[in-house]
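These notes are about the structure you will find just below.
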Amino acid sequence: MVAPKQPLAPEKQVAWLNQHIPHRVRGAIIGLPMTGAWLFPLVANAAAVRMDPVARHCINNSVWEGRHIALRWLIEFAGVYESNGIPVPTRNLRFPDTDMRIDRMAGGVVLDAMSKDAIPLALVYKGCSQASGHPTTDSDHPDISPLKLAEALQIIVEHLQRTIYNHTRLSLLDFTMRPQVS
């Protein structure tokens, strides 16, 4: 694994901590059976309740597909992906000045591909890739049920908090659960 050419500038790290990472966590968390502080209740919007059933079905499908992409993004950002059925460190950064990985951030530590946490992450990465990355049939991809996705997201948010968020004395949970400000 090639280390990043240079750390990300401090002002850019702030944007990643405050915007980019929480955006992906919000994209992945909705509707998953998370626990503890990460439990996100589904609040029915009055307009959504009145919406036609086909529109609700479209929204649910959009959330499902978007969740796969958000989780893949978070897993790869943390430094793990899947190759030939096993967890491996993320690929070498092809463009070290623009490609991002957690170790370009202050306090960032790539998740150990040999750790027990890397196995469920690699499986979810592969399952999400096969389910949404390209059309397949009978691929027998790994389980990406809501429980498996919640398990992977819990590992990711804990790793991000332990590393880059604790380093800056910030809370990923606080940034994630903050309402959108225009």
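Values quoted throughout were computed directly from the atomic coordinates according to the rules given, and no laboratory measurement underlies them. These numbers were taken from a predicted model, which means no experiment stands behind them. Because the Cβ atoms are built from the backbone with ideal geometry, glycine has one as well, and the counts that use them run over all protein chains shown.
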- Message: Between residue 15 and residue 99, what is 0.36 nm times their sequence separation minus the Cα-Cα distance? Round to one decimal in nm.
- Response: 28.7 nm
- Using amide H atoms built 1.01 Å from N in the peptide plane, name the residues 5+ places from residue 81, or on other chains, whose amide H lies under 5 Å from its own. 88, 90
- Want the number for residue 147 to residue 35: 0.36 nm per residue separation, take away the alpha-carbon distance, what's left? 39.2 nm
- Task: Would you calculate the separation in nanometres between label points at residue 26 and residue 168, each defined as 7 Å from the Cα along the Cα-to-beta-carbon direction?
- Result: 1.6 nm
- Message: With the crude spin-label approximation of a point 7 Å out along Cα→Cβ, what separation in nm comes out for residue 114 versus residue 91?
- Response: 2.5 nm
